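Novice: Following this message is one structure expressed as structure tokens.
None of the figures in this text is laboratory data; all of them are computed from the coordinates on show. Owing to the predicted nature of the structure, the values given are computational and were not obtained by experimental measurement. Every residue, glycine as well, gets a Cβ built from its backbone with ideal geometry; the counts of neighbours run over all protein chains shown.
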Amino acid sequence: MTKQRIFVAGHKGMVGSALIRQLGRDQTAELVTRDRAELNLLDQAAVQQFFEQENIDQVYLAAAKVGGIHANNTYPAEFIYENLVIEANIIHAAHMADVQKLLFLGSSCIYPKMARQPMKEEALLTGALESTNEPYALAKIAGIKLCESYNRQYGRDYRSVMPTNLYGQNDNFHPENSHVIPAMIRRFHEAKAVGSSQVVVWGSGKPMREFLYVDDMAAASVHVMNLDDETYLANTQPMLSHINVGTGVDCTIRELAETMKRVVGFDGELVFDTSKPDGTPRKLMDVSRLKALGWEASISLETGLQQTYQWFLEGPKGLRL
């Protein structure tokens, strides 16, 4: 049995580690990984040398600089520069090494701030982006177009998936630079631990958000990568090839906070700090294209939050209080 050598870029991150768990069940897959000390993805020459030497068959491009509203607002230059360079280095080096199959992982923030809800793939490039994460979004849009351009010019099979808000094992629980779910988990856990009477939640609580457990995302990614050409091409277009990945269901931030309160077991009250930014009013993915390709999410929000909180409690040393 000839094994497929599969490079997972960003294998230590939340999405990359979920891909490793998913792909690890495949007996025909030989996983190839490099951490930052072994391969600097910002170094074009090093990335090209890696691909020249490793005989890679498939690439899952999950490496990225990521963060929440605060991080995107504080470090816009790093967010656009590092993400552009990482994806350009990997996609071009993969092409030069004759790697035919690649999956690029993007983000739902590629869509305009006021996009019609739920957001269809066709909404891409139809309006202004959310200003707080515009640099990151532009880098992800460029990644989609890189894949499409190599497909059109060189006949590559480079596909793109755009996940909604993700959460789960190996998320970033930094008190300032994390996304909403890990930030909430930490805040509720710490409040419970010290006996606080309240937890403060950023914003009004009114924005609507969709959340996908990261292991569902990994399963969807592998599904899309392995689709036969006929099925994939019948449901995409050469210059509109990206595929939304989500649950197709959203909730308010207030509802999320109430669910989190229940999962963590916090007994105090919720206070919403309206001086903090809300971000986009609503972000819900239209996942009809993905469903037509034969996949839909299976892990509910409450179940996913329970599993994430359990991992947080048992996680690496130094993660908790």
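Novice: Picking from Q100, Y309, G24, whose Cα lies most toward the positive end of the charge dipole for the chain (charges on Cβ: Lys, Arg +1; Asp, Glu -1)?
Specialist: Highest projection toward the positive end goes to Y309.
Novice: Okay, moving on. Residues with amide H under 5 Å of L103's amide H, sequence separation 5 or more or different chain, H placed in the peptide plane at 1.01 Å from N; which?
Specialist: Correct list: V59, Y60, L61, R159.
Novice: So how much slack lies between E258 and D35, counting 0.36 nm per residue of separation and subtracting their Cα-Cα distance, in nm?
Specialist: Details: separation 223, 0.36 × 223 = 80.28 nm, distance 3.73 nm.
Between E258 and D35, full extension yields an extra 76.6 nm.
Novice: With θ set to phi - 60° and the Karplus curve 6.51 cos²θ - 1.76 cosθ + 1.60, what are the ³J(HN,Hα) couplings of segment 260-272 in order, to the nearest whole Hz, using x for Gly and Pro?
Specialist: Karplus values, whole Hz, x for Gly and Pro: 4, 4, 5, 5, 6, x, 8, 9, x, 9, 9, 10, 9.
Novice: Which chymotrypsin sites (Phe, Trp or Tyr not before Pro) in segment 139-224 sit in a loop by DSSP (not H, G, I, E or B) and have at most 16 other Cβ atoms within 10 Å of their own Cβ?
Specialist: Numbers: sites: Y150, Y154, Y158, Y167, F173, F188, W202, F211, Y213; in loops: F173.
Of the chymotrypsin sites (Phe, Trp or Tyr not before Pro), not one in the loops of segment 139-224 has a Cβ with at most 16 other Cβ atoms within 10 Å.
Novice: Give the percent of DSSP beta bridges with both residues in the chain that are antiparallel, rounded to the nearest 5. Before the final figure, lay out the partial values.
Specialist: Details: 3 of 34 bridges.
Expressed as a percentage, antiparallel bridges in the chain total about 10.
Novice: Between M96 and N226, what's the calculated FRET efficiency when r is the beta-carbon distance and R0 is 35 Å? Round to 0.05.
Specialist: Working: r = 24 Å, r/R0 = 0.69.
FRET efficiency, M96 to N226: 0.90.
Novice: Collect residues whose amide H, placed 1.01 Å from N in the peptide plane, falls under 5 Å from the amide H of R282; neighbours closer than 5 in sequence don't count.
Specialist: Excluding prolines and chain starts, which carry no amide H, the hits are M208.
Novice: Return one quarter of the surface area of the convex hull spanned by the alpha-carbon atoms of the chain, equal to its mean projected area, in nm². Write down the numbers at each step before the final one.
Specialist: Values: hull surface 64.5 nm².
Approximately 16.1 nm², given one-decimal rounding.
Novice: I've got another one for you. Springs between alpha-carbon atoms under 10 Å, Gaussian network over the chain: tell me which of R36, R282, R254 tops the mean-square fluctuations.
Specialist: Of R36, R282, R254, the most mobile in the Gaussian network model is R36.
Novice: Related question: At 4 °C and 1.567 mPa s, grab the translational diffusion coefficient of segment 1-65 from Stokes-Einstein with a Kirkwood Rh over Cα pairs, rounded to a whole number in µm² per second. All intermediate terms of the calculation are to be shown ahead of the outcome.
Specialist: Numbers: Rh = 12.2 Å.
In µm²/s, the coefficient is 106.
Novice: Ok, one more. Can you list the residues, at least 5 places off or on another chain, whose amide H is less than 5 Å from the amide H of L31, using H built in the peptide plane?
Specialist: I6
Novice: Using θ = phi - 60° and the Karplus curve 6.51 cos²θ - 1.76 cosθ + 1.60, what whole-Hz ³J(HN,Hα) does each residue of segment 241-253 get, with Gly and Pro shown as x?
Specialist: With coefficients 6.51, -1.76 and 1.60, one gets 9, 6, 10, 5, 10, x, 9, x, 10, 10, 8, 7, 4 Hz.
Novice: Using a simple spin-label model with points 7 Å from Cα along the Cα→Cβ vector, what separation in nm is obtained for A46 and L240?
Specialist: 4.0
Novice: Another one. I need the calculated FRET efficiency for the pair C251 and D26, taking r as the beta carbon distance and R₀ as 35 Å, to the nearest 0.05. Let's see the in-between values first.
Specialist: Values: r = 33 Å, r/R0 = 0.95.
The formula returns an efficiency of 0.55 here.
Novice: Explain nothing, just the number: relative contact order of segment 96-241, from Cα pairs under 8 Å at least 6 residues apart, as a whole percent. It would help to have the intermediate numbers written out before the result.
Specialist: Numbers: 148 pairs, mean separation 38.9, N = 146.
About 27 percent, as a whole number.
Novice: Can you work out D for segment 83-151 in µm² s⁻¹ from Stokes-Einstein, where Rh is the Kirkwood radius over C-alpha pairs, the temperature is 10 °C and the viscosity is 1.306 mPa s? Intermediate values should be presented prior to the final figure.
Specialist: Values: Rh = 12.9 Å.
Rounded to a whole number, D works out at 123 µm²/s.
Novice: For segment 219-316, what relative contact order do you get, as a whole percent, if you take Cα pairs closer than 8 Å and at least 6 residues apart? Before the final figure, lay out each step's value.
Specialist: Numbers: 49 pairs, mean separation 42.9, N = 98.
Relative CO of segment 219-316 lands at 44 percent.
Novice: Still on this structure, please answer the following. How much net charge surrounds T303 when only the other residues with a Cβ under 12 Å from the Cβ of T303 are counted, with Lys and Arg +1 and Asp and Glu -1?
Specialist: Values: positive: none; negative: D215, D216, E302.
Once all neighbours under 12 Å are counted, the net charge is -3.
Novice: Mind ranking 225-236, 54-65 by how tightly packed they are, going by the mean number of other C-beta atoms within 10 angstrom, highest first?
Specialist: Details: 225-236: 13.6, 54-65: 21.4.
Result, highest mean Cβ count within 10 Å first: 54-65, 225-236.
Novice: Shifting gears a bit: Helix 14-23 sits at what angle to the longest principal axis of the chain, using alpha carbons and giving 0 to 90 degrees rounded to 10?
Specialist: Once rounded, the angle reads 50 degrees.
Novice: Right, next: What nm value, rounded to one decimal, do you get for the distance between K3 and K145 when each label is placed 7 Å out toward the C-beta?
Specialist: The two pseudo-label positions are separated by 3.9 nm.
Novice: Lysine pairs in segment 1-136 with Cα distance under 26 Å, only those 8 or more apart or on different chains: how many are there? Before the final figure, lay out each step's value.
Specialist: Numbers: K3/K12; K3/K101; K12/K65; K12/K101; K65/K101; K65/K113; K65/K120; K101/K120.
Close lysine pairs under the 26 Å cut-off: 8.
Novice: Which FRET efficiency value, to the nearest 0.05, is calculated for S275 and Q53 with the Förster distance at 45 angstrom and r the Cβ-Cβ distance? Don't skip to the end; give the middle numbers.
Specialist: Values: r = 53 Å, r/R0 = 1.17.
Efficiency, from the Cβ-Cβ distance: 0.30.
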